[in-house]
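Notes for the one structure printed next.
The values are calculated or read from the model by the stated rules, or taken from the named source; none is laboratory data. The structure presented is a predicted model; accordingly, all values stated were derived computationally and were not measured. Note: ideal-geometry Cβ built from the backbone for every residue, glycine included; neighbour counts use all protein chains shown. Quick note on the areas: whole protein, heavy atoms, side chains included, nothing else; ligands and nucleic acids left out. Shrake-Rupley method; radii C 1.70, N 1.55, O 1.52, S 1.80 Å.
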Amino acid sequence: MEFLGLGDNKVRRTYGALWFKIAILLVLCSVKGALSDSNYLIGLGSYDITGPAADVNMMGYANMEQIASGVHFRLRARTFIVAEPQGNRVAFVNLDACMASQLVKLKVVERLKARYGDLYTEKNVAISGIHTHAGPGGYLQYVVYIVTSLGFVRQSFDVLVDGIEKSIIQAHENLGPGSIFVNKGEILDAGVNRSPSAYLNNPASERNKYKYDVDKEMTLLKFVDDQWGPVGSFNWFATHGTSMSRSNSLISGDNKGAAARFMEDWFEETGSRSAYSGEVAADGIPRRISNLFNDRHDNHHELLELAASFQSPPGKPATRTLSVARRVRGALRQADKPGFVSAFCQSNCGDVSPNVLGAFCTDTGLPCEFNHSTCGGKNELCYGRGPGYPDEFESTRIIGERQLRKAVDLFNKASEQLRGRVDYRHAYIDFSQLEVTLTKQGGGSEVVKTCPAAMGFGFAAGTTDGPGAFDFKQGDDQGNAFWRLVRNVLKTPGKEQVDCQNPKPILLDTGEMKEPYDWAPSILPIQIIRIGQLVILSVPGEFTTMAGRRLRDAVKTVLTSRSNGANVHVVIAGLTNTYSQYVTTFEEYQVQRYEGASTLYGPHTLSAYIQEFKKLATALTSGKPVAPGPQPPDLLDKQISLLTPVVMDATPRGVSFGDCSSDVPQNSTFKKGLDMVTVTFWSACPRNDLMTEGTFALVEILHGKDTWVPAYDDDDFCLRFKWSRPSKLSTRSQATMEWRIPQSATPGVYRIRHFGASKSLVGSIRHFTGSSSAFVVA
């Protein structure tokens, strides 16, 4: 090209500049495309909140005899944060706990404010409970909710506040560009209505709109990080956390906690290797990661010889960090990659039971009486049966697995992307004296009021998930003279309160009982969170099926009328930010079954919620603020605890903490999928160290000739840690590990270990560990 002559350098520079501009344009276009797909910053986090596994009453059934004595599997706080790059953000925390606590949230927000300023406040943080009835109690601030736990339990409270804060910090530090997808689907066999006679009191015209008398729909969010791909999922589905019974004493996340554990394991084991096949093991539980260490020995005699060389050693001192270091999931996680977080959140579960076989009389085996759920006039004999009856652990697994399978299916098929603003509204409302405007049939309106909190006689009857005692029964709208006399010793309700709560016969006038401090809440938080076309209604109680439907429909009407009919997904997050028991429809309240008797603020409670949530929704769509409302009390300094502390731990003369008191037999071989291995150690009270983010129990598999690799710990469904002492005042205790060998276990040589901490008379804490003899799994 000699005709360019002396000018070719200039031409090259011109063409070079042009190509540079084109390249920049292409880069900007690709970045713009990426940003349009990843319109949010997302971050997820998770932290251990298991709490004291001994001596503490469990929250949920209000059964004084249900005292924690071990771990079924661990409890966690799981958080997602969604933020606009230069705008609003929201944080949603799901707790493996019975419910949220007003006091817990107040203290969490205080800590977040100290760390992040005004980035996270009570307005844009939601804390929700899955409603397991197998977690330690004593962390709420109102008297009626901590009576059975002998008052406030500082350990239960602290582990929740710490764990929630750490899960939020983790989610905050994981924030990065990402996308969120939403999907919905039905689960037909994970919940039944436990108060059908109350549901039938709703208008037939309303009931005819729905195919079922409980909500069957699960709504799932799938979080996809631009760098890491899928990093988590949160879903909402209504079913009670009562697969585990009122006699269970092992800490457990019940069916929702189990589903979360199963899904996280499923993703870690299959998600990183394939396109999320959705397959789970034949026994319903994802394969454990121990399969990665497959040192297969085909010679059974060789395995026995190898096992015989590892006899149970004496217990020995250990460090606190050893329990954390040996934890299965902690050891497997890549340090630079966020772990997959899956939460199975609660919704309007008020009248929904996971005991799907129905309620039967324990004496005759016949179905319970329909209207009152009694057997020969007594409520104590009427129990719901789960799908694994009579094994509550199996029922928990099955209901958890049914939620898991649907969640995996929705996760794999999620294609609708959330787009649009992140926003929220929050207000405190005094529900003890709220005026509510109702529309009259035929036109016009009337003003009614809510009432100070009160519980009816039907409350004491309990439910088919956990019956009460004495001669109470559900559906009692009269009460009786004897229990009125007992009630009046505490507080006699006045005529205004009796009339306001009618037809509820008042058993406990909790809203007007103030000694030694408030027995029940009056000021409640309500909150709406919006992420694109998803709207979360944070409610501080248990809405029944129809109550939840009415609330969702009312809010959706406001939202769609102001957004030109745009598609909006509205979900209820139950038991969120605090707890105020149940919310029924006006019609269900008239029947006074357990849920109606536990609707604290009178027959117009639901109407009050609908009125106030419509105000929030209107403010949300119009971009206007709402009045914050009256601040709820902080009663931390008034709390009373009657739970005795651990004085000291001891062992028999010549025995060390961690010694095996009952070992596996010599030359033992156990069959996977069939056998259970049981080992007992001399131990100490688990309250000495909660082993947060660690483990009390561990199953190890031999890798090579002398390397023990963690295979299962006390966060696995198949391994149970049971703690016992011969008497309440005894300083001696033992820990029994039960490993039900799953079908998916890798054949090989195994041993079981125990980690604990003892307390001396002068108060010093010493950690220890012990090991069983080795055995063969074939």
A correct Karplus calculation of ³J(HN,Hα) over the range 646-660, with 6.51 cos²θ - 1.76 cosθ + 1.60, θ = phi - 60°, whole Hz and x for Gly and Pro, returns 6, 7, 6, 10, 8, 10, x, 4, x, 10, 9, 4, x, 5, 6
Accessible area expressed per residue, the chain, with surrounding protein chains retained (probe 1.4 Å, Å²): 39
Total formal charge among the other residues, if their Cβ is under 10 angstrom from that of Gly135, Lys/Arg +1 and Asp/Glu -1: -2
Give a quick list of trypsin sites (Lys or Arg not before Pro) in the range 513-609 that DSSP marks as loop, anything other than H, G, I, E or B, with at most 12 other Cβ atoms within 10 Å. Lys514
Here the range 63-74 yields Karplus 3J(HN,Hα) values (6.51, -1.76, 1.60; θ = phi - 60°; whole Hz; Gly and Pro given as x) of 9, 4, 8, 8, 10, 4, 8, x, 10, 7, 7, 6
Calculated FRET value between Phe470 and Leu188, using beta carbons and R₀ = 45 Å, to 0.05: 0.75
Among the chymotrypsin sites (Phe, Trp or Tyr not before Pro) within the range 355-415, which fall in a DSSP loop and have no more than 16 other Cβ atoms within 10 Å of their own Cβ? Phe370
Taking the Cα atoms of the range 59-121 alone, what are Rg (to one decimal) and Dmax (as a whole number) in Å? 16.1, 52
At 1.4 Å probe size, with the rest of the protein present, what percent of the exposed accessible area of the chain is carbon and sulfur atoms? 54
For the range 198-261: Kirkwood Rh in Å [reciprocal of mean 1/r, alpha carbons]: 15.4
Where does the range 693-778 land on the Kirkwood hydrodynamic radius, alpha-carbon pairs, in angstrom? 14.4
Can you run the Rg to Rh ratio on the range 619-764? Use alpha carbon positions and the Kirkwood inverse-distance Rh. 1.20
Relative contact order in percent for the range 656-726 (Cα pairs under 8 Å, 6+ apart) equals 23
Segment Thr492-Val447, length gained on full extension (0.36 nm per residue, minus Cα span): 13.5 nm
Just the number, please: percent antiparallel of the DSSP beta bridges in the range 459-588, rounded to the nearest 5. 50
Considering the range 417-542, what Rg and Dmax in Å follow from its alpha-carbon atoms? 19.0, 59
At 20 °C and 1.002 mPa s, what whole-number value in µm²/s does Stokes-Einstein give for the translational diffusion of the range 472-540, with Rh from the Kirkwood sum over Cα pairs? 144
Can you list residues from other chains, or at least 5 along the same chain, whose modelled amide H is less than 5 Å from the amide H of Val56? Ala68
Quick one: which residues, 5 or more positions from Cys349 or on another chain, have an amide H under 5 Å from its amide H? H modelled 1.01 Å from N in the peptide plane, none for Pro or chain starts. Phe543
Longer than 20 Å from Cα to Cα, which of Lys107/Lys638; Lys123/Lys184; Lys378/Lys495; Lys166/Lys406; Lys107/Lys166 are they? Say none if no pair is. Lys123/Lys184; Lys378/Lys495; Lys166/Lys406
With only helices counted (DSSP H, runs n ≥ 4, each -39500 (n - 2.57)), the per-residue ellipticity at 222 nm for the chain, to the nearest 500, works out to -7500 deg cm²/dmol
If the reach is capped at under 14 angstrom between alpha carbons, list the aspartates and glutamates near Lys491, excluding any in the same chain fewer than eight residues apart. Asp509, Glu512, Glu515, Asp518
Note, ³J(HN,Hα) from phi for the range 255-267, Karplus 6.51, -1.76, 1.60, rounded to Hz, x at Gly and Pro: 5, 6, x, 5, 4, 5, 4, 4, 6, 5, 5, 4, 5
Convex hull over the Cα atoms of the chain, averaged projected area in nm²? 43.1
Longest the chain segment clear of GluC sites (Glu not before Pro) sitting in DSSP loops (not H, G, I, E or B) with at most 14 other Cβ atoms within 10 Å runs 280-778
May I ask which residue of Ala126, Ala778, Gly704 lies farthest towards the positive end of the charge dipole of the chain, with charges of +1 (Lys, Arg) and -1 (Asp, Glu) on Cβ and the Cα centre as origin? Ala126
Zero-based 10 Å bins, Cα pair distances in the range 150-246, whole percents: 11, 24, 27, 25, 13, 0
Taking every DSSP bridge whose two residues both lie in the range 77-169, the antiparallel percent to the nearest 5 is 60
P(r) histogram, all alpha-carbon pairs of the range 552-603 included - 10 Å bins from 0, percent: 22, 32, 31, 15, 0
Give me the percent of DSSP beta bridges within the chain that run antiparallel, rounded to the nearest 5. 85
Rg(Cα) / (2.2 N^0.38 Å) computed for the range 665-723, rounded to two decimals: 1.30
Using the eigenvalues of the Cα gyration tensor, what equivalent ellipsoid semi-axes result for the range 693-733 when each is taken as the square root of five times the eigenvalue, whole Å, largest first? 29, 13, 8
Taking 7 Å along the Cα-to-C-beta vector as the label spot, tell me the Lys705-Leu357 distance in nanometres, rounded to one decimal. 5.2
When the Kirkwood radius is taken over all Cα pairs of the range 344-428, what Stokes-Einstein diffusion coefficient follows at 20 °C and 1.002 mPa s, in µm²/s? 131
Candidate aspartates and glutamates for bridging to Lys209, where Cα separation is under 13 Å - those fewer than 8 sequence places away on the same chain excluded: Asp553
Among the listed pairs Lys256/Lys671; Lys113/Lys222; Lys672/Lys722; Lys504/Lys614, which have their C-alpha atoms separated by more than 25 angstrom in this model? Lys256/Lys671; Lys113/Lys222; Lys504/Lys614
Any aspartates and glutamates whose Cα falls less than 13 Å from that of Lys759, other than same-chain ones fewer than 8 residues away, would be Asp649, Asp689
Using a/c under 1.5 as the rounded threshold, could you call the range 74-215 rounded, prolate or oblate? The axes a ≥ b ≥ c are square roots of the C-alpha gyration tensor eigenvalues, and prolate needs a/b larger than b/c, oblate otherwise. oblate
Under a 5 Å amide H to amide H cut-off, with H placed in plane at 1.01 Å, what residues pair with Leu534 once short-range neighbours are removed? His569
Sketch the reach of a paramagnetic label on Gln631 as a point 7 Å from Cα along Cα-to-Cβ, and name the residues of the range 492-531 whose backbone nitrogen lies under 19 Å away. 518, 521-526
